[in-house]
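First the structure, in the form of structure tokens, and then the observations on it.
The values are calculated or read from the model by the stated rules, or taken from the named source; none is laboratory data. None of the values given here were measured: they were computed from a predicted structure. Every residue, glycine among them, receives a Cβ derived from its backbone with ideal geometry; neighbour counts consider all protein chains shown. Only protein heavy atoms, including side chains, enter the accessible area calculation; ligands, DNA and RNA are left aside. Shrake-Rupley method; radii C 1.70, N 1.55, O 1.52, S 1.80 Å.
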There are 2 protein chains.
Amino acid sequence: MLDTPPGSAGPIDIVRTQSLTTLVQRELERLILAGEVKPGERINEQHVAQRLQVSRGPVREALRGLERAGLVEARVNRGVYVREVSVEQAVEIYEMRGLITGFACARLAAASTADQRAELAAMVARMERAAADGDQAGYYEINLAFHDRLMQFAGNARAKAMYDALVKESHLCRRRSLFSPRNMAESNAEHAAMLDAIRRGDVDTARRMGEEHIVGGRRRFLDVVAAGTGS
Amino acid sequence: MLDTPPGSAGPIDIVRTQSLTTLVQRELERLILAGEVKPGERINEQHVAQRLQVSRGPVREALRGLERAGLVEARVNRGVYVREVSVEQAVEIYEMRGLITGFACARLAAASTADQRAELAAMVARMERAAADGDQAGYYEINLAFHDRLMQFAGNARAKAMYDALVKESHLCRRRSLFSPRNMAESNAEHAAMLDAIRRGDVDTARRMGEEHIVGGRRRFLDVVAAGTGS
DNA sequence: CGTGTGTAAACTGTTAACAGTTTGCGTTTG
DNA sequence: CAAACGCAAACTGTTAACAGTTTACACACG
């Protein structure tokens with residue numbers, strides 16, 4: 001039979017398995033999170049449509065989705081703007097990230113597999129090396145993956161979705177808090193403490209370490225803000 | 001001067017201060033949360049457009065927003081459906097609500113005004129009466145307001161937004177967990193315990209009470225599920 | 001020279017029409 | 001009689017055009 005399961009992507013129509021809106025939304029989100037379109041900037045529907053070779057309909061739909069996601073703001077008859085996250089809002093976001101990270105650590109302390117702990121430990125080791133080498137970009141990336149896996153292992157999909165949304169929002173605060181060598185070492189020491197509590201099955205400590213790690217992140221962030229223009 | 005501030009709603013053009021998309025989105029959200037459109041049901045774009053006297057464009061945009069909000073699911077070429085929340089997902093949502101409620105209670109224990117505590121206490125008293133009278137609808141409403149104010153007083157807008165989103169999602173689980181007289185009394189006793197810890201400024205206890213209140217809600221919810229079709 | 005005004009271009013909000021897919025039903029066929 | 005086929009209606013995805021608002025710029029005026 002030449003039948004293909006309805007969900008399978010046939011080799012013929014490589015497109016059409018998802019709507020243009022979805023593709024536009026993904027591309028716009030990428031542009032925003034990568035900083036290619038900066039907070040406060042306006043997004044011109046027509047330009048986007050022309051650039052992506054679609055009409056304005058899908059673009060408008062995509063923008064509505066991004067609005068609910070908190071990445072853009074729409075002003076009536078005035079267009080949509082990439083959202084600006086104030087320092088106050090960033091602090092709120094840090095608090096929520098801390099709350100959820102603490103939850104995840106507590107969960108892992110209560111129930112985690114040896115494989116999971118080993119994977120996290122390997123990442124901490126890699127960050128240790130990156131910190132020693134002063135490799136900020138490398139550290140940043142592994143750090144992201146570490147928190148991502150941590151949330152995944154915690155086994156609460158809703159928690160992970162919320163955490164991911166918060167991380168995206170964080171990117172909208174102009175200050176991109178860079179990791180100084182000292183900050184990298186400090187941050188990773190906290191990672192190690194989290195993992196240690198998880199290994200020992202110490203739920204309360206794991207939770208506190210997870211929360212404090214993000215609080216530490218907030219402090220490091222505020223230091224950069226206070227330092228003036230930063231970076 | 002006849003000038004009107006840009007934000008003020010002039011008496012002439014009562015409409016046009018917000019887009020049709022926004023109005024459609026609000027109406028659809030209302031229909032979904034009120035249960036007039038049930039989880040799993042399909043939403044017909046044309047019918048909605050005709051019913052609200054608009055074209056399909058704004059309707060599609062509104063649906064995209066609701067999709068990101070987790071209220072509907074879009075299947076390509078097949079339309080959008082009101083999302084169905086499984087019991088497992090509902091449990092995850094309860095966990096997150098508990099986490100955030102605990103956070104809010106801790107915050108209020110650390111810093112709250114006498115007015116705020118008095119307002120919350122008044123609500124607990126009103127729920128007490130509703131519980132005694134077996135007034136489920138009344139209890140439900142005050143309970144909603146109680147948690148709403150609690151989150152507002154906590155002073156973290158992001159936390160409140162997340163909590164509100166979670167409550168909306170809760171409504172998508174078929175089982176509408178009703179408050180039996182016994183459940184109402186139990187639930188309100190937990191409210192009182194939360195408030196008591198807040199009054200005493202006992203941060204840790206307040207947090208634990210807040211979390212356990214939602215855990216209690218989850219248990220009451222699961223009891224209804226286990227009881228079969230429920231009501 | 002600065003300020004206010006009017007006009008035109010640009011852009012958003014909305015609608016209607018077109019294209020392709022899914023779905024339901026009646027018919028045919030083994 | 002059950003299953004498969006085919007056609008038609010319904011619906012979604014997309015596009016293009018229209019209407020109204022905002023914005024920018026040039027010009028007149030004090």
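Taking all protein chains in place and a 1.4 Å probe, what share, in percent, of the accessible surface of the range A:87-226 do carbon and sulfur account for?
Of the solvent-accessible surface of the range A:87-226, carbon and sulfur hold 52 percent.
Working note: 222 nm ellipticity from helices only, DSSP H runs with n ≥ 4, each -39,500 (n - 2.57), summed and divided by the residues of the protein assembly as shown, gives -22500 deg cm²/dmol to the nearest 500. Per-atom-type breakdown for the range B:20-82 gives carbon and sulfur 45% of the accessible area (1.4 Å probe, protein chains only).
For the range A:63-87, a drop of 40 Å² or more in accessible area on going from the chain alone to the assembled protein chains (1.4 Å probe) is found at A:ARG64, A:ARG68, A:VAL76.
Could you do me a favour and compute the accessible area per residue for the protein assembly as shown, 1.4 Å probe, result in Å²?
On a per-residue basis, 52 Å².
For the chain pair A and B, buried accessible area totals roughly 3000 Å², probe 1.4 Å, rounded to the nearest 100. Its convex hull of Cα atoms gives the range B:114-231 a direction-averaged projected area, equal to a quarter of the hull surface, of 7.2 nm².
So for each of A:28-37, B:96-105 I average, over its residues, the number of other beta carbons within 10 Å; can you give me the resulting order with the highest mean first? Can you show the working numbers first?
Working: A:28-37: 15.2, B:96-105: 25.3.
Packing order, densest peptide first, comes out as B:96-105, A:28-37.
Across the identical copies, the 7 Å label point of A:ASN44, projected outward along Cα→Cβ, sits 4.2 nm from its counterparts, in ascending order. Per residue, the Cα convex hull of the range B:40-154 amounts to 172 Å³.
Across peptide B:96-107, the mean count of Cβ atoms from other chains lying within 10 Å of each residue's own Cβ comes to 3.
When peptides A:60-69, A:118-127 are ranked by their average number of other Cβ atoms within 10 Å per residue, the highest-first order is A:60-69, A:118-127.
Sites listed here are trypsin sites (Lys or Arg not before Pro) in the range A:143-172 whose DSSP assignment is loop and whose Cβ has at most 13 other Cβ atoms within 10 Å, and the list is empty.
Taking the empirical scaling 2.2 N^0.38 Å for compact globular proteins as reference, the protein assembly as shown has a Cα radius of gyration ratio of 1.06.
With an 8 Å cut-off on Cα pairs and a minimum separation of 6 or more residues, tell me the relative contact order of chain A in percent. This gives 24 percent for chain A.
Available extension along the chain between A:ASP164 and A:ARG78 is 28.0 nm, counting 0.36 nm per residue and deducting the alpha carbon span. Across every pair of non-identical alpha carbons in chain B, the mean reciprocal distance, once inverted, gives a Kirkwood radius of 19.7 Å. In this rough spin-label picture, where each label sits 7 Å from Cα along the Cβ direction, the A:ALA118-B:GLN18 distance is 5.5 nm. Each of A:GLU41 and A:ASP148 was given a label point 7 Å from its Cα along the Cα-to-Cβ line. The distance between the two points is 2.3 nm. The mean number of partner chain beta-carbon atoms within 10 angstrom of a residue's beta-carbon across peptide B:21-33 is 1. Taking every residue in A:149-158 and counting other chain Cβ atoms within 10 Å of its Cβ, the average works out to 2. Taking only the C-alpha atoms of the range A:20-82, the Rg (one decimal) and the largest Cα-Cα distance, Dmax (whole number), read 10.3, 27 Å.
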